[in-house]
């Protein structure tokens, strides 16, 4: 049986992301070949900890894109999370838990504020989040003007270490996040988020509380973005008011690679995970190759364009095979 026919036989939810996972497998093979002499459980754990902030920010961006919006403040939120954590955490377990709760709660409050502006002021999300990106960046600089602060070694080891010496803790946290999202997606709230992104007017006519669904999406996204900041602080071992800058565009790229539509209402977070791996592995492969930073950016852009083209062509072919 031709491979395309095998893909066509998959359930629709997986058929949509199958081309993305095929591309991810290709990048994973190239990466494994590149590190074939040094691959170990430690290598896998380090890669998992390195990719965790990108996973979380890409998921945060995907939730907003499902509503038909886009968030340009995610990078600033990541930076804010690192400095809040580094200035509120001490060596006691209670302070570690308290600091994490403060950061996640701040993410929920930021999402509530941003979602309220987008919903009630009727300002496009791209404009609101561009403005709030300056707000959160300035707040991060106010909290901690230069890289530093204090993060207990035990906290960093716990979040970036391995459970039982085998499973990376970051993968367990990510799995828990995905289980929570699965529950939300299958709930009325999740269905409403997709409906609002697909057709806001139709959703309203059908009885969906559009305002509540959109604000809830921003609250969820804010918590995910700040969670990414927690992972980044643990990986870097410090707070930095500028460290999250690159994650805004990276989160958009990973979400788009994963099949999340700019127009809202289409896409799956399982695709975002594959898109994140493609982007993260590409960055690692280019770094290992020894190319100069300038050429790394050029090659990264070209490869992403080609990958998007391959994904689009494969998806179109699968669609043509399964359409009546």
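The values are calculated or read from the model by the stated rules, or taken from the named source; none is laboratory data. Not measured: the values here are computed from a predicted model. Ideal geometry is used to build each Cβ from the backbone, glycine not excepted, and the neighbour counts take in all protein chains shown.
Values for this structure:
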read-out: Residue in the stretch 77-95 that is closer than 24 Å to residue 241 by Cα, surrounded by fewer than 22 Cβ atoms within 10 Å (Cβ to Cβ) and touching a helix residue (DSSP H, G or I) at 6+ places or on another chain (Cβ under 7 Å) present; value: yes
read-out: Condition check for residue 178: in contact (Cβ under 8 Å) with a residue 12 or more places away in the chain, in a helix (DSSP H, G or I) and over 28 Å from residue 65 (Cα atoms); value: no
read-out: Check on residue 302, in a helix (DSSP H, G or I), modelled with pLDDT of 80 or more and exposed (fewer than 12 other Cβ atoms within 10 Å of the Cβ); value: yes
read-out: One residue from 101, 139 being over 14 Å from residue 214 (Cα atoms), in contact (Cβ under 8 Å) with a residue 12 or more places away in the chain and in a helix (DSSP H, G or I); value: 139
read-out: Condition check for residue 131: over 21 Å from residue 242 (Cα atoms), modelled with pLDDT of 90 or more and out of contact with any helix residue (DSSP H, G or I) (no Cβ under 8 Å at 6 or more places or on another chain); value: no
read-out: Neighbours by Cβ (under 9 Å, 6+ apart or cross-chain): first from the stretch 269-290, free of Cβ contacts under 8 Å to residues at least 12 places away in the same chain and on the phi < 0 side of the Ramachandran plot; second surrounded by fewer than 21 Cβ atoms within 10 Å (Cβ to Cβ) and in a helix (DSSP H, G or I); value: 287/296
read-out: Pairs where the first residue, in the stretch 208-225, is free of Cβ contacts under 8 Å to residues at least 12 places away in the same chain and on the phi > 0 side of the Ramachandran plot and the second is surrounded by fewer than 24 Cβ atoms within 10 Å (Cβ to Cβ) and part of a helix (DSSP H, G or I), C-beta under 7 Å, 6+ apart; value: none
read-out: Any chance residue 119 is more than 17 Å from residue 233 (Cβ to Cβ), in a helix (DSSP H, G or I) and in contact with a helix residue (DSSP H, G or I) (Cβ under 6 Å, 6 or more places away or on another chain); value: yes
read-out: Some residue of the stretch 185-200 being in a loop (DSSP other than H, G, I, E, B) and without any contact (Cβ under 8 Å) to a residue 24 or more places away in the chain; value: yes
read-out: Among (1) farther than 21 Å from residue 249 by Cα; (2) in a helix (DSSP H, G or I) - the single one residue 128 does not satisfy; value: (1)
read-out: Selection from the stretch 104-116 of residues that are without any contact (Cβ under 8 Å) to a residue 12 or more places away in the chain and surrounded by 15 or more Cβ atoms within 10 Å (Cβ to Cβ); value: none
read-out: Enumeration of residues in the stretch 179-203 that are loosely packed, with under 15 Cβ neighbours inside 10 Å and either on the phi > 0 side of the Ramachandran plot or touching a helix residue (DSSP H, G or I) at 6+ places or on another chain (Cβ under 7 Å) (or both); value: none
read-out: In the stretch 17-61, the residues that are within 26 Å of residue 236 (Cβ to Cβ) and in a loop (DSSP other than H, G, I, E, B); value: 35, 38, 39, 40
read-out: Residue under evaluation residue 69, criteria (1) outside any helix (DSSP H, G or I); (2) on the phi < 0 side of the Ramachandran plot; (3) modelled with pLDDT of 85 or more; (4) surrounded by fewer than 23 Cβ atoms within 10 Å (Cβ to Cβ), criterion not met; value: (4)
